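I have placed the structure first, in the form of structure tokens, so that the comments after it can refer back to it.
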Amino acid sequence: MAYLNTKERYGSLSIALHWLMLLVMAAVFASIELHDSYPKGSAMRSSLMTWHFQLGITVFILVCIRLVLKFMAPEPEIKPTPSRVQYLGAKAMHVALYLIMFVMPIAGYVGRTLAGKTTYFFGIPLPVFLDTNKDLAEKIFDIHGLIGNTAYYLIALHAAAALFHHYFQRDNTLTRMLPKSK
């Protein structure tokens, strides 16, 4: 299998990053959802929040790598070619997902900075570059949460569309992103 994308399918690097990001994002969402199950001030609640921050920053790093790869290699063709409406819908979905993966970690980091909290990335403190503004931090966290909730639906729609293409349209949309079997 080619390392980079070809006209026929995604390369092994793009495929690995796609599925790794799915796992990391699932862990980001799981950590924030589970943290509410523990009392405020508990070690587990704090630990889950720390994992949420660290994994969120990991998503940011991975999406930056994916964006570089996206511009380095061609996007594989879908065969048979989808309708113009489906093509544009897919492009809009991908733009929305990339924006979420790029903006959400930044919003979380900025919100924490404005709240006067230091964010750590696997033990390394990230720089605090803004003065504390708890009102603005709260607004950013509200937006962060709203976009996070929207992401659930977009990710589900993305997966449903891939399955629809595979089982009903019988095109190569899904198989282009699956690891190649030997």
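The values are calculated or read from the model by the stated rules, or taken from the named source; none is laboratory data. Computed from a predicted structure; not experimentally measured. As a convention, Cβ positions derive from the backbone with ideal geometry for all residues, glycine included, and neighbour counts pool all protein chains shown. The accessibility values were calculated without ligands, DNA or RNA, using every heavy atom of the protein model including side chains. Shrake-Rupley method; radii C 1.70, N 1.55, O 1.52, S 1.80 Å.
Things worth noting here:
- Subset of segment 61-82 [more than 18 Å from R176 (Cβ to Cβ) and either of a type in the set (A, V, I, L, M) or not in a helix (DSSP H, G or I) (or both)]: I61, L62, V63, I65, L67, V68
- Within segment 129-170, considering residues that are within 24 Å of A26 (Cβ to Cβ) and touching a Ser or Thr at 6+ places or on another chain (Cβ under 7 Å), the one surrounded by the most Cβ atoms within 10 Å (Cβ to Cβ): H165
- Subset of segment 66-92 (residues that are in contact with a Leu (Cβ under 7 Å, 6 or more places away or on another chain) and within 26 Å of A160 (Cβ to Cβ)): R66, L69
- Qualifying residue in segment 34-46 (condition: in a helix (DSSP H, G or I), open to solvent by less than 50 Å² (accessible area, probe 1.4 Å) and without any contact (Cβ under 8 Å) to a residue 40 or more places away in the chain): yes
- L99 vs. criteria open to solvent by 50 Å² or more (accessible area, probe 1.4 Å), over 23 Å from W51 (Cα atoms) and assigned to a helix (DSSP H, G or I): no
- T119 being modelled with pLDDT under 95 and either among the acidic types (D, E) or surrounded by 14 or more Cβ atoms within 10 Å (Cβ to Cβ) (or both): yes
- On the stretch given as segment 66-95, residues that are aliphatic (A, V, I, L, M) and either open to solvent by 80 Å² or more (accessible area, probe 1.4 Å) or over 26 Å from T150 (Cβ atoms) (or both) total 6.
- Lone qualifier among T113, T173 - being in a helix (DSSP H, G or I), at negative phi, open to solvent by less than 40 Å² (accessible area, probe 1.4 Å) and polar (S, T, N, Q): T113
The rows are residues; the columns are (1) under 17 Å from the mean Cα position of the chain (by Cα); (2) modelled with pLDDT under 95.
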site	(1), (2)
F141	no, no
A151	yes, no
A159	yes, no
Q169	no, yes
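- Residue satisfying all of: in segment 1-31; in contact with a Lys or Arg (Cβ under 7 Å, 6 or more places away or on another chain) and in a loop (DSSP other than H, G, I, E, B); farthest from Y109 (Cα to Cα) among these: M1
- Test for L55: is it out of contact with any helix residue (DSSP H, G or I) (no Cβ under 6 Å at 6 or more places or on another chain) and either at negative phi or not in a helix (DSSP H, G or I) (or both): no
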